[in-house]
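So the structure is just underneath, and the comments pick up after that.
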Amino acid sequence: MTHAIKNFIKKDSSAGIILIFVTILALILQNSGLSGAYTSFLHTPVEVRFGALHIAKPLLLWVNDGLMAIFFFVIGLEVKREVMEGHLSSLSQITLPGIAAIGGMVVPALVFILFNNGAEFAMNGWAIPTATDIAFALGILSLLGNRVPVSLKIFLMALAIIDDLGAIVIIAIFYTSELSTMSISIAGVALVVLFVMNRMNVAKQAVYILVGVILWVSVLKSGVHATLAGVALAFMIPLHSKDENGKPFSMAHHMEHSLHYWVAFVILPLFAFVNAGVDLRGISFEEMGGTVPLGIMAGLFIGKQVGVFGFSWVAIKLGIASLPKGATWTTLYGVAVLTGIGFTMSLFVDSLAYNDTKMFHFADKLAILLGSLFSGLMGYFVLKMATKEKS
């Protein structure tokens, strides 16, 4: 690997740049003479058979149910680390991003409901604008260099972690279908085994992975969304243990570090590629003016910034929290706008909410892209103008 490629991978903005590239590529393929090949690729049948166990899904669902479980596994490891010993380990550190995250979920959901109240199927998508794509948001912040205070980057990262945790809870409660008692029972046994292994300080990574695979398969078959298995497994990985030589070893840190680049540069780009292929040829202005697309765009672009900044302003004015060190109200507002970049997380929730029925003829997915684009551009320019004197 060349020195230039290594430097590119290490930059925070690189993951965001790759996501933009694969999104544009997916849009081009879906809206050209290659749309048939692109669609065939998404629906390539992939089967795994092991004795009586048989899993057959198109490639699209293997990405959404399988690879995204690894993404949520890494998110779970990050949440655990931050809560135990990081930016979320004390009340003073968690207060402002926690309150802001609540506002960033409640207000966008209310905005969407305002547009779609009374439409039963449309209301399934109320959680779509509550998500934040941390890779994109931090990537845009990194483009501004050291002009943005480190405290604001920490604030955004902590907020996004809590936001992801909220998304996990939402998926578990609201996007779970009918349950299979046997599969749930097997998943429960797997969790108990993982818990016992954790308490006994078992330091064999391969054993956790093996039980984790059993957990994922059982959750997949249970009716609960399979990505939640990744989160559950992450919480059972030891944060501090000893290796076979008796030396201190953090399996959680090791696994998070090992998977970070795979998630950022393979899994999320592949997810964006298979989900962002919106057929623009079939979308009319009338469809984009529908309540679902408008609810998503308004939720992301307006609801997110109003919720995050508004809740933060109230918390600071009441003395519950304080403005991040080195930040101003304008820079805090700029970061609040960036949280409206839902992109991959919003696309994921959209696939759960509407089960890829194409009922809205891709207008819902285009609304996610546009809402995220507007939020990214406005957030960048607000922060650039607010920090201009520091350049």
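Values quoted throughout were computed directly from the atomic coordinates according to the rules given, and no laboratory measurement underlies them. Just so it is clear, the structure is predicted and the values come from calculations on it, not from any experiment. Neighbour counts are summed over all protein chains in view; Cβ atoms, including those assigned to glycine, are modelled from backbone coordinates with ideal geometry.
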Give the order of Glu244, Glu78 when sorted by the count of other beta carbons within 10 angstrom, beginning with the fewest.
Glu244, Glu78
Rotationally averaged projected area of the stretch 68-132 (alpha carbon convex hull; nm²):
5.5
Compactness relative to 2.2 N^0.38 Å, alpha carbon Rg of the stretch 317-391
1.47
Fewest first, what order do Ile75, Ile267 take by the number of other Cβ atoms within 10 Å?
Ile267, Ile75
How large is Rg over Rh for the stretch 234-326, taking Rg from the Cα atoms and Rh as the Kirkwood inverse mean of 1/r across Cα pairs?
1.19
Which listed pairs, of Lys80/Lys221; Lys204/Lys365; Lys80/Lys304, have C-alpha distances above 32 Å, in listed order:
Lys204/Lys365
Taking Cα pairs closer than 8 Å and at least 6 residues apart, the relative contact order of the chain in percent is 28
Computed on Cα atoms, Rg of the stretch 43-85 relative to 2.2 N^0.38 Å comes out at 1.62
Suppose the Debye formula is applied to equal point scatterers at every Cα of the stretch 277-372; what is log10 I(q)/I(0) at q = 0.15, 0.22 Å⁻¹?
-0.64, -1.02
Amide H proximity to Phe249 below 5 Å, modelled H, separation 5+ or other chain, gives Ser241, Lys242, Asp243
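Mind sorting Ser312, Ser241, Ser372, Ser92 by how few other Cβ atoms lie within 10 Å of their own Cβ, fewest first?
Ser92, Ser241, Ser312, Ser372
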Please compute the contact order of the stretch 198-252 in relative form: average sequence separation of alpha-carbon pairs under 8 Å and at least six residues apart, divided by the residue count, as a percent.
35
Hey, any idea what the orientation-averaged projected area of the convex hull of the stretch 116-186's Cα atoms comes to, in nm²?
7.5
Before anything else, pin down the relative contact order of the stretch 252-355: Cα pairs under 8 Å, at least 6 apart, normalised by residue count, whole percent.
32
For the stretch 59-65, 3J(HN,Hα) per residue [Karplus equation, 6.51 cos²θ - 1.76 cosθ + 1.60, θ = phi - 60°, Hz, x = Gly/Pro]
3, 3, 6, 5, 5, 5, 9
Over the chain: helical MRE at 222 nm, DSSP H runs n ≥ 4 each giving -39500 (n - 2.57), nearest 500:
-21000 deg cm²/dmol
